Ligand SMILES: Cc1cc2nc3c(=O)[nH]c(=O)nc-3n(C[C@H](O)[C@H](O)[C@H](O)COP(=O)(O)OP(=O)(O)OC[C@H]3O[C@@H](n4cnc5c(N)ncnc54)[C@H](O)[C@@H]3O)c2cc1C
Ligand code: SF4
Ligand code: SF4
């Protein structure tokens, strides 16, 4: 199946998985279990790359208890601003439970509680991803580390038939894979903000899919920032439940709960310092806190800060659609994107179906990566099998539009300085709190003018001559497209809901209780999703269980 | 950011070059990795965990540590136990217990929206389950 070519590497496979975070890993395992030959290419390294590897995942892992699960759905439905789909939430509960139990069988070292029962709701990043890599490898999947994908390939009919990219540690030669179907699992987009482990997540997959006409959804739910020590980038938040907040002179700030989060953001947006100290953490619990979230404490320890004792300065680091919600819209239960042969899993797909307008970081995103990865891998394997023979190589068409073709006569290849400038321009529009955390129509319009002009320049941008610049140019283009989708959708949602805050439109509006789709690259189009949220309506069985009315329930049914 | 590759400790296994997700290292002519693109480092600590001989140090800072900073002094870092501290914590390397065995994260998520259990109120009150004291002492040196 592998055949070295003059230019690099050429492969044939049934299923090509792009991205080696949890979603890609589960997709690869699932496709292999469905009998497909699988190749997985990651920009970095399957095991360390992506949000889960460094951050770790607390999971939506609920025991097989119907009333508990129903209540969890109803709770998250409310938190998610009523944009969710109960059917998908229930599927995610079931699938996550099943797969995590398999992960335990494969040897993930879960802790045991005082009754001797394994607790399986938390995954530490390095351990989780190392175990997944081993399982992927043992499933016979061909793993290509440091093989960033640049673009998709289609056959003459437009069916996705593979992908192509660069071999970063093999002299930046090319790779090309012909495949019966492709799973995108390239993660969300954090705009090279430097947030913990997220610089690999630049929205490349979204761009590749949009180049073939795929639609996105929930892109307005993209204004998520994580709290980190001001000197660092470590956005681990769970332990901050024990924090008190102070101004620079040590005066306490009223920063509890939802309102408190906003107060902190407003202060930081205005350039006023906020300090945190974990002074509400009971002494007896501190060792457990360290053991549960070592990557929260590590940077503080290294900096010589004892967070229980000493208030340290905070900053908010942008995490975009990683801990936000938006991504490719899915059309089928097996995560098809609508482009024939193209499936999406994890953060590259919209998570609104399960988290709605609320951030999915903190338990749902991780569960979604496992579940959607499993389904997309299976779907892609079935598609490849039904399709039969791969199209002849000479019929393969590269689908990339920007930054990939040689400069025309008289033109010059894109330079690193030009690409860096693109990145800076986009970052200036999306990173600042007063642009993105607190949105207004005026500011969104202003940003969009800049971003639209920028895209106009990028649309026929030629390729760079060296691989590193070529890759960064594609990342920069992907970020530009991403920012435009985010802000176009943010303009259209004339209300505040979940993580989308419009200072000029406070409060939710009932007429926006639906999801928004956005599509296009040159011309952007926003419309209401005709598929409506499916909620735990009053009177349904699930609602009665959620309300704890199980006795009534038994009589009724 | 990555600050130190200890030439005296490194055994040239190439693991850090392979696992760094942002391709920060290059192999030098003598087989020892060099920090070729520090500006691409995303301070994820992965290389530290994977290095089998604790030869790497990643400072907790998003920018390069200034001249004279203890974050760049190999001897100081070695003497204070900072080299390999994270690897010890996650429990990788011969004879160690994986850190995940001591992960009592469920105590801290109990009762959060959509999670099982009840939220202790107040958080620091007696309702919060107390930890036994399993596992190694993780307070790391600095
Ligand atoms: C600090 C932090 C803490 C979090 N904690 C939680 C939590 O407690 N619970 C929870 O549920 N969720 C949490 N999340 C979210 C969760 O980690 C992510 O939702 C999850 O990792 C998504 O998996 P993924 O595989 O889709 O994306 P990622 O894990 O980001 O992986 C994407 C992969 O795609 C690769 N890639 C990107 N572009 C390309 C390309 N062009 N070609 C090839 N490969 C490419 C990347 O290298 C990367 O390996 C957290 C996130 C952060 C940032
Ligand atoms: S900290 Fe992460 S990004 Fe930096 S050199 Fe190490 S592995 Fe690479
Ligand atoms: S992982 Fe450690 S021992 Fe191996 S090459 Fe890197 S620094 Fe040297």
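What follows is calculated from the coordinates using simple rules that are stated; it is not laboratory data. It should be emphasised that the depicted structure is a prediction, and the values quoted were computed from it without experimental measurement. Every residue, glycine as well, gets a Cβ built from its backbone with ideal geometry; the counts of neighbours run over all protein chains shown.
Just a few scattered comments:
- Shape class of the range A:278-433 from the alpha-carbon gyration tensor: oblate, with a/c at 1.5 or above and b/c at least as large as a/b.
- The separation of the range A:363-405 from the range A:184-253, counted between C-alpha centres, amounts to 26 Å.
- Listed peptides A:117-129, A:355-367, A:241-253 by packing density, highest first (mean Cβ within 10 Å): A:355-367, A:117-129, A:241-253
- Overall size of the range B:2-93 from C-alpha positions, given as principal axis extents largest first: 29, 28, 23 Å.
- Take the Kirkwood radius over Cα pairs of the range A:73-135, plug it into Stokes-Einstein at 20 °C and 1.002 mPa s, and you get 157 µm²/s for translational diffusion.
- Using the empirical formula 2.2 N^0.38 Å as the baseline, the Cα radius of gyration of the range A:1-82 reaches a ratio of 1.59.
- Judged by the gyration tensor of its Cα atoms, with axes a ≥ b ≥ c, the range A:460-510 is prolate; a/c meets the 1.5 cut and a/b is the larger of a/b and b/c.
- Chain A - percent relative contact order, Cα under 8 Å, separation 6 or more: 22
- DSSP bridge pairs, the protein assembly as shown: antiparallel proportion in percent, nearest 5: 70
- Note on A:293-305: average number of Cβ atoms from other chains within 10 Å of each residue's Cβ is 6.
- Cα-based radius of gyration for the range A:50-181, normalised by 2.2 N^0.38 Å, reads 1.40.
- C-alpha center-to-center spacing [the range B:38-80, the range A:256-306] in angstrom: 23
- Per-residue average of Cβ from other chains inside 10 Å of A:116-123: 3
- Spatial separation of Cα centroids for the range A:145-168 and the range B:81-113, in angstrom: 38
- Kirkwood hydrodynamic radius (C-alpha pairs) into Stokes-Einstein, the range A:179-232, 25 °C and 0.890 mPa s, D in µm²/s: 187
- Restricting attention to the range A:1-120, close to 50% of DSSP beta bridges with both partner residues there are antiparallel.
- Calculated FRET efficiency, residue A:279 to residue A:258, Cβ-Cβ distance, R0 = 35 Å: about 0.95 to the nearest 0.05.
- Take the Cα of residue B:53, step 7 Å toward its Cβ, do the same at residue B:96, and the gap between the two points is 1.7 nm.
- Highest-first packing order for the peptide set A:133-139, A:187-193, A:400-406, A:232-238 is A:187-193, A:232-238, A:400-406, A:133-139, based on the mean count of other beta carbon atoms within 10 Å.
- Once the C-beta distance of residue B:29 and residue A:386 is scaled by a Förster radius of 60 Å, the resulting FRET efficiency is 0.70 to the nearest 0.05.
- Protection-proxy order for peptides B:63-70, B:96-103, A:45-52, each taking the mean of Cβ atoms within 10 Å per residue, highest first: A:45-52, B:96-103, B:63-70
- Rg over Rh for the range A:263-367 works out to 1.12, using Cα positions for both radii and the Kirkwood form for Rh.
- The range A:225-318 pair-distance distribution - Cα-Cα, 5 Å bins, rounded %: 3, 13, 27, 28, 18, 9, 2, 0
- Seen through its C-alpha gyration tensor, with square-root eigenvalues sorted a ≥ b ≥ c, chain A comes out rounded because a/c lies under 1.5.
- Neighbouring partner chain Cβ atoms per residue of A:57-69, average, 10 Å criterion: 2
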